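Following: one structure in structure tokens, then a few remarks.
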Amino acid sequence: MVSSEGIGRLAVLAVGAAVFAAIGVALFVLYPDTLADLLGVLVALAVVVLGVRIAGSIAGSLFPNYDVAEVAVEGPITRDGGGGRFPSGPRSTPADDIVEQIDRADEDDTVDALLLKLNTPGGEVVPSDDIKLAAERFDGPTIAYATDVCASGGYWIASGCDELWARDGSIVGSIGVIGSRVNASDLADKVGLSYERFAAGKFKDAGSPLKEMDDDERTYLQGLIDDYYENFVERVSEGRDLDAAFVRETEARIYLGEQAAEMELVDELGTRREIEDELADRLDREDVTVEEFEPERPLMARVGGGARSLAYAFGAGIASVVGDREFRLRF
């Protein structure tokens, strides 16, 4: 039996196709002007195709036929996907885009549940937390599911959802924090560069790659790592209902999905189809229809993203050994 929404979508498509067909015939067939008749017919057909696509988009907006939103977190998690001084990988995840998609799904009256697809090794600390908080704000059932990798910052995000599903071969875990710096002081000596300090505050230049790090700086920076780690353990412990001591005992190891499920790091093992069946049961309906939510980006932003990917492929980022503070914290 065809639903009222389905009938409405078909009606909009039919009207849209007829209107754009009439426009195309009038402009390019009945009044060809200097255009050849054959070219006019071809252009008319193109207008009809364009009209059908536009009408389909309008119909989808007026008569949505989905009830579950899917938002994907793929690749390393960064604030803006690589908008800093140096380009990041072309498949990095812009956290602000993910938050916008989750919030848009939450405001969509048609959406009753959220699927958060995770395929990420982790990334920056605060952007990962922003995505987790957005998932916690969503008003309805939230299921995170790991495809290939749900590690570190990805697991942090999953702890903000009601459940975490994975496949047998998914990689899950790495509940830890890492900080790193490049020590380029020997290289600077060889090429005749010297580091001259102008700073206010003992630790203002802690982690600078152009000078050796002393014990006080190491203790200070390790303290930051330890604080982030304790926060990570506490959030995961609360969100996943796990004992904090057990989380620490994992020592940031990664596990295959089957073992992670045995350790209760994962709630269920299953396929995407099985997750949809579970959501249908929760929503008390025969089945669900999933709509993939994507970032709303203007044309120039998409062009910029392509240029950034090209720069990354060319090898941009080698210059990251320079800079006044290159100590980086990430999950």
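Of everything in segment 198-222, what is part of a helix (DSSP H, G or I) and of a type outside the set (Ser, Thr, Tyr)? Give them in sequence order.
Answer for segment 198-222, where residues must be part of a helix (DSSP H, G or I) and of a type outside the set (Ser, Thr, Tyr): Asp215, Asp216, Glu217, Arg218, Leu221, Gln222.
Would you be able to tell me the number of residues in segment 150-165 that are outside any loop (DSSP other than H, G, I, E, B) and surrounded by 20 or more Cβ atoms within 10 Å (Cβ to Cβ)? Please lay out each step first, then the result.
Kept after step one, since they are outside any loop (DSSP other than H, G, I, E, B), are these residues of segment 150-165: 150-151, 153-158, 163-165.
Then drop every residue that is not surrounded by 20 or more Cβ atoms within 10 Å (Cβ to Cβ), which leaves 150-151, 153-158, 164-165.
Residues that pass the stated criteria total 10.
Just to be sure before I move on: is Asp189 in a helix (DSSP H, G or I), surrounded by fewer than 20 Cβ atoms within 10 Å (Cβ to Cβ), of a type outside the set (Phe, Trp, Tyr) and without any contact (Cβ under 8 Å) to a residue 24 or more places away in the chain in the structure I sent? Can you show your working first?
Values: in a helix (DSSP H, G or I): yes; surrounded by fewer than 20 Cβ atoms within 10 Å (Cβ to Cβ): yes; of a type outside the set (Phe, Trp, Tyr): yes; without any contact (Cβ under 8 Å) to a residue 24 or more places away in the chain: yes.
Considered against the rule, which asks whether it is in a helix (DSSP H, G or I), surrounded by fewer than 20 Cβ atoms within 10 Å (Cβ to Cβ), of a type outside the set (Phe, Trp, Tyr) and without any contact (Cβ under 8 Å) to a residue 24 or more places away in the chain, Asp189 comes out as yes.
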- Message: Which condition from (1) within 30 Å of Ala113 (Cβ to Cβ); (2) assigned to a helix (DSSP H, G or I); (3) touching a Leu at 6+ places or on another chain (Cβ under 8 Å) is the one that Ile225 breaks?
- Response: (1)
- Query: Do the conditions hold for Asp205, that is, is it surrounded by 14 or more Cβ atoms within 10 Å (Cβ to Cβ) and touching a Leu at 6+ places or on another chain (Cβ under 8 Å)?
  - Reply: no
- Task: Given the conditions (1) over 21 Å from Gln101 (Cα atoms); (2) more than 14 Å from the chain's Cα centre (by Cα), report the number of the one that Ala151 does not fulfil.
- Result: (2)
- Item | Test: residue in segment 227-241 that is in the same structural domain as Glu136 (by TED's automatic domain parsing), surrounded by 13 or more Cβ atoms within 10 Å (Cβ to Cβ), of a type in the set (Ser, Thr, Tyr) and in contact with a helix residue (DSSP H, G or I) (Cβ under 8 Å, 6 or more places away or on another chain) | yes
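Take residues that are among the hydrophobic types (A, V, I, L, M, F, W, C), surrounded by 13 or more Cβ atoms within 10 Å (Cβ to Cβ) and at pLDDT below 90 and tell me which of the helices (runs of 4 or more DSSP H) falling wholly in segment 245-327 contain 1 or more. Quick ask: steps written out before the conclusion?
Working: elements: 257-262, 272-282, 299-314.
Fully inside segment 245-327 and qualifying: 299-314.
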- Message: Which numbered condition in (1) among the β-branched types (Val, Ile, Thr); (2) part of a loop (DSSP other than H, G, I, E, B); (3) closer than 18 Å to Ser174 by Cα is the only one that Val111 fails?
- Response: (3)
- Query: Taking interchain pairs and intrachain pairs at least six residues apart, which have beta carbon atoms under 9 angstrom, with the first residue in segment 159-171 and free of Cβ contacts under 8 Å to residues at least 24 places away in the same chain and the second assigned to a strand (DSSP E or B) and polar (S, T, N, Q)?
  - Reply: Asp162/Thr142
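The values are calculated or read from the model by the stated rules, or taken from the named source; none is laboratory data. Source: prediction; values computed, not measured. A quick note on method: Cβ atoms are made from the backbone with ideal geometry, for glycine too, and the neighbour counts reach across all protein chains shown.
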